[in-house]
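The structure appears right after this line, and notes come after that.
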Amino acid sequence: MAGVAVASRLPWLVFALIAGAMADRLDRRRTMILVDAGRAILLGGLTLAVLANAVTIWLLYVVAFVLGCFETMFDTAASSMLPNVVGTDKVVAANSRLNAVELTMNNFVGPPLGGFLAGIAIASAFGAAAAGYLGALLCLVTLTGSFRPVRVGPPASIRSEIGAGLTYLRQHRLLRTMAFVVGPMNLASTAVFAVLVLYVVAPGPLGLDGVGLGLLTTAIAVGTVAGTLLASRIERLIGRANLFVACIASLLVTDLVWIVVPQPLLIGLILALASTFGGAFNVVFGSIRQRIVPNHLLGRVMASFRVISWGSLPLGALLGGIIGQSFGLPAVFIGAAIIHLCLLPSRLILTNAFMAQVEAHAAANADAPAA
């Protein structure tokens with residue numbers, strides 16, 4: 001299980017930069033169509049392998065890794081294309097609805113449907129996933145227009161284009177700060193959830209069964225979906241800077257609630273409330289990135305950002321396993337809480353005034369005539 005999870009997340013560390021360069025070179029809609037075609041073929045092949053009783057653990061690792069590579073290409077192209085579809089002034093609303101649908105399907109529809117199909121036959125679950133990607137491909141075909149970024153400057157190599165994206169991120173104080181905060185945030189949270197089942201499910205200390213664990217993770221999903229839908233209202237109510245620190249504080253609470261609160265029902269309520277800030281954070285700060293980065297660089301900058309922020313996911317899972325094995329599961333929760341606590345002072349840099357100044361500067365440059 002852990003090996004498949006690491007294989008599926010590893011591409012965000014080793015392949016994302018190439019995916020970003022491709023998103024800024026090619027038509028982004030066409031890239032998404034080709035990726036969905038590749039995913040359908042790959043899972044169709046896995047379905048046949050299951051039917052032929054020819055599946056090995058190594059085949060699953062390879063399929064998970066290739067699917068992860070496809071994910072980096074698809075998600076980077078999709079995030080980069082969204083402002084062109086809806087306009088930069090509507091990206092918050094678009095991200096809010098898109099994230100809500102994605103979370104709902106991932107957390108409430110996909111798992112029970114997958115379990116039902118797997119109960120009939122494992123091959124039917126993989127076959128249904130292949131069919132789902134074909135359906136997504138057909139939806140993308142209906143989206144008209146060209147979504148190939150306008151190249152700025154003479155043609156360059158993939159290596160130099162990747163370097164341009166990394167340089168932009170490194171020199172942009174707001175994005176650089178966000179990346180080096182979100183990376184440790186994700187690392188610590190992934191470390192916790194990598195070992196959580198061992199703590200929650202009997203004979204773990206919390207003593208629940210698989211259904212109890214599912215209900216607790218569902219509480220997180222409910223809060224996250226609510227946060228994505230209410231992102232604009234939460235932003236207006238407490239401000240972006242306070243939303244940033246509220247997200248970090250909510251992760252700190254999520255780290256410790258397992259070992260501090262004895263009642264599973266109360267844990268679920270706390271998780272639902274805390275995850276609301278995480279859902280709102282993802283929408284608001286993802287939209288900021290889309291608004292301030294020039295379109296011809298957006299794919300590379302998003303990919304560079306995700307190498308740091310999402311590339312920490314497999315490292316966090318590995319770290320959680322090592323610490324849990326060496327020092328016990330509570331040490332993982334406490335260590336994650338310490339990391340999140342150390343990130344709270346970033347609020348001193350990420351002020352509302354600073355973020356508003358950066359957005360105003362980006363808007364002014366976007367409206368300026370080309371030289």
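Residue under question is Phe244, and the condition is that it be of a type in the set (Phe, Trp, Tyr), surrounded by 24 or more Cβ atoms within 10 Å (Cβ to Cβ) and either more than 29 Å from Val14 (Cβ to Cβ) or modelled with pLDDT of 95 or more (or both); does it hold?
No: the conditions fail for Phe244.
Quick one: which of Leu17, Leu60, Leu34 is part of a helix (DSSP H, G or I) and without any contact (Cβ under 8 Å) to a residue 24 or more places away in the chain?
Leu34
Can you spot a residue in the range 37-46 that is at pLDDT 90 or above and within 22 Å of Trp310 (Cα to Cα)?
If we filter the range 37-46 for residues that are at pLDDT 90 or above, which is where we start, we get 37-46.
Checking the rest, the ones that are also within 22 Å of Trp310 (Cα to Cα) come to 39.
Yes.
Given (1) of a type in the set (Val, Ile, Thr); (2) part of a helix (DSSP H, G or I); (3) free of Cβ contacts under 8 Å to residues at least 60 places away in the same chain, identify the lone condition not met by Thr76.
Unmet for Thr76, out of (1) of a type in the set (Val, Ile, Thr); (2) part of a helix (DSSP H, G or I); (3) free of Cβ contacts under 8 Å to residues at least 60 places away in the same chain: (3).
Tally up the residues in the range 132-145 that are surrounded by 11 or more Cβ atoms within 10 Å (Cβ to Cβ) and either touching a strand residue (DSSP E or B) at 6+ places or on another chain (Cβ under 7 Å) or outside any helix (DSSP H, G or I) (or both), please.
Selection size over the range 132-145: 1.
Would you check which residues across the range 188-227 are β-branched (Val, Ile, Thr) and within 22 Å of Ser312 (Cβ to Cβ) and list them?
Of everything in the range 188-227, those that are β-branched (Val, Ile, Thr) and within 22 Å of Ser312 (Cβ to Cβ) turn out to be Thr190, Val192, Val195, Val197, Thr217, Ile220, Thr224.
Restricting attention to the range 167-177, does a residue exist that is on the phi > 0 side of the Ramachandran plot, out of contact with any Asp or Glu (no Cβ under 9 Å at 6 or more places or on another chain) and part of a loop (DSSP other than H, G, I, E, B)?
no
Would you mind finding the one in Pro112, Pro83 that is within 28 Å of Gly223 (Cβ to Cβ), touching a helix residue (DSSP H, G or I) at 6+ places or on another chain (Cβ under 8 Å), assigned to a helix (DSSP H, G or I) and of a type outside the set (Lys, Arg)?
Pro83
I'm trying to understand the selection: among the residues of the range 54-82, which are within 20 Å of Ser146 (Cα to Cα) and surrounded by fewer than 20 Cβ atoms within 10 Å (Cβ to Cβ)?
Ala78
Evaluate the range 155-164: report whether one residue or more is part of a helix (DSSP H, G or I), under 27 Å from Val283 (Cβ atoms), of a type in the set (A, V, I, L, M, F, W, C) and out of contact with any strand residue (DSSP E or B) (no Cβ under 9 Å at 6 or more places or on another chain).
The answer is no, given that none of the residues of the range 155-164 is part of a helix (DSSP H, G or I), under 27 Å from Val283 (Cβ atoms), of a type in the set (A, V, I, L, M, F, W, C) and out of contact with any strand residue (DSSP E or B) (no Cβ under 9 Å at 6 or more places or on another chain).
Identify the single condition in (1) over 15 Å from the mean Cα position of the chain (by Cα); (2) crowded, with 19+ Cβ neighbours inside 10 Å; (3) of a type outside the set (Lys, Arg) that Val4 does not satisfy, given that it satisfies every other one.
(2)
Read through the list (1) within 20 Å of Phe277 (Cβ to Cβ); (2) touching a residue at least 12 places away in the same chain (Cβ under 8 Å); (3) surrounded by fewer than 18 Cβ atoms within 10 Å (Cβ to Cβ), then give the number of the only condition that Arg233 fails.
(2)
Find all pairs meeting these conditions: Cβ atoms under 8 angstrom apart; at least six residues apart or on different chains; first residue within the range 184-195 and touching a residue at least 24 places away in the same chain (Cβ under 8 Å) and farther than 19 Å from Gly214 by Cβ; second residue charged (D, E, K, R) and assigned to a helix (DSSP H, G or I).
Ala188/Asp255
Residues that are of a type in the set (Val, Ile, Thr) and crowded, with 19+ Cβ neighbours inside 10 Å: which helices (runs of 4 or more DSSP H) entirely in the range 288-371 hold 1 or more of them?
295-309, 312-327, 329-343
Quick check on the range 333-348. Is at least one of its residues touching a helix residue (DSSP H, G or I) at 6+ places or on another chain (Cβ under 6 Å), among the hydrophobic types (A, V, I, L, M, F, W, C), over 16 Å from Pro184 (Cβ atoms) and at pLDDT below 95?
no
The values are calculated or read from the model by the stated rules, or taken from the named source; none is laboratory data. No experiment lies behind these values; they were computed from the predicted model shown. Using ideal geometry, Cβ is built from the backbone for each residue, glycine included, and neighbour counts are taken over all protein chains shown.
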